[in-house]
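For reference, the structure is listed below as structure tokens.
The values are calculated or read from the model by the stated rules, or taken from the named source; none is laboratory data. All values reported here derive from a predicted model rather than from experimental measurement. Positions of Cβ are backbone-derived with ideal geometry, glycine not excepted, and every protein chain shown enters the neighbour counts. Ligands, DNA and RNA are stripped out before the accessible areas are found, and what is left, the full protein with its side chains, is counted by its heavy atoms. Shrake-Rupley method; radii C 1.70, N 1.55, O 1.52, S 1.80 Å.
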Amino acid sequence: MEKRGSLYSQVMEKLRKKILTGEYQVNSKLPSELELMKIFNVSRVTLRKAIEGLVNDGIVEKVQGIGTFVRKPKKVKRIILSSAVESFSKIAIEEGFEPTTKIIDIKELLVSQNLAELLETKKALFVKRVRFLDNDPVMLENNYFPLPRFKKLANYDLTESLYSLLHKDFGIVKLISKDTSVNVTLAKKNEADLLKKSIGYPLFLLKPIVKDENDKIVQIGKEFIIYDRYEFHI
């Protein structure tokens, strides 16, 4: 993969910014190749590589013989300031998507001191998953579950809804998250590769802290979410 500082990636970032700020609006046609070459003072090869990168990111769409258009992807709507924990699978189905999951890694590990203080244990079960909507990757989850309480979780099919599993097989009545934070970050190589986006692609960074009805930690997460496939409501 090309480094972020390459000329074509700089053009990608500038085009992406124009789309995000509304200068090039959803469903509008981008200026012609010649116009964009003059705007960015680059060659046709560089411009086409930048456009292709945006096509791969799902931001624009080429229509043969007509031009390149800004794409409007469907979004999942999520309420962020509610203490009630929402299942990704449940939300996706309600929004008309088919959710699927790919397991990237499951392992027991020693956690950092800061994480150990939150988990109230030095060991955790780490689960890394990629979540899909209609076969498009939209979220990379990095979840930590305190051990030994959730040791058996590794024996389950974790491609299914984790929250449904916790309710059904671990006797957890209610899942609560009052300390979730949301920031914006740019995809590094690992996130970009797993989410099939370019390095530097904007992502929401969600950090949920989930507890049960007895105020015991169930999960601490770090979720990278494709910015244009999620809509947070507060």
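Results, tabulated for the structure shown:
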{"quantity": "Linear extension gain, Glu120 paired with Asp169, 0.36 nm per residue minus alpha-carbon span", "calculated": "15.4 nm"}
{"quantity": "Longest segment of the chain lacking chymotrypsin sites (Phe, Trp or Tyr not before Pro) that sit in a DSSP loop with at most 16 other Cβ atoms within 10 Å", "calculated": "1-155"}
{"quantity": "Derived scalar couplings ³J(HN,Hα) [the range 130-143; Karplus, 6.51 cos²θ - 1.76 cosθ + 1.60; whole Hz; x for Gly, Pro]", "calculated": "10, 9, 10, 10, 6, 6, 9, x, 10, 8, 10, 9, 10, 10"}
{"quantity": "Matching label, percent of Cα pairs over 24 Å apart computed from the structure shown, candidates [x] 51; [y] 59; [z] 37", "calculated": "[x]"}
{"quantity": "Choice from Leu36, Leu158, Leu119 with maximal GNM fluctuation in the chain (Cα, 10 Å cutoff)", "calculated": "Leu36"}
{"quantity": "Positive-end residue, the chain charge dipole about Cα centroid, Cβ charges, pick of Phe126, Gly22, Leu205", "calculated": "Gly22"}
{"quantity": "Carbon/sulfur fraction of accessible area - the chain, other protein chains in place, 1.4 Å, %", "calculated": "50 percent"}
{"quantity": "Partners for Lys122 among lysines (Cα-Cα distance below 16 Å; same-chain residues under 8 apart left out)", "calculated": "Lys107, Lys151, Lys216"}
{"quantity": "Unit charges at the beta carbon, dipole of the chain: most positive-side option, Asn190, Gln113, Ile220", "calculated": "Asn190"}
{"quantity": "Heavy-atom surface of the chain, accessible at 1.4 Å and reported per residue (Å²)", "calculated": "55 Å²"}
{"quantity": "Cα gyration tensor shape of the range 86-173, rounded if a/c is under 1.5, else prolate or oblate by comparing a/b with b/c", "calculated": "prolate"}
{"quantity": "Computed helical MRE - 222 nm, the chain, DSSP H runs ≥ 4 contributing -39500 (n - 2.57), nearest 500", "calculated": "-8000 deg cm²/dmol"}
{"quantity": "Cleavage-rule hits, trypsin sites (Lys or Arg not before Pro), the range 191-234, DSSP coil, Cβ neighbours within 10 Å at most 13", "calculated": "Lys216"}
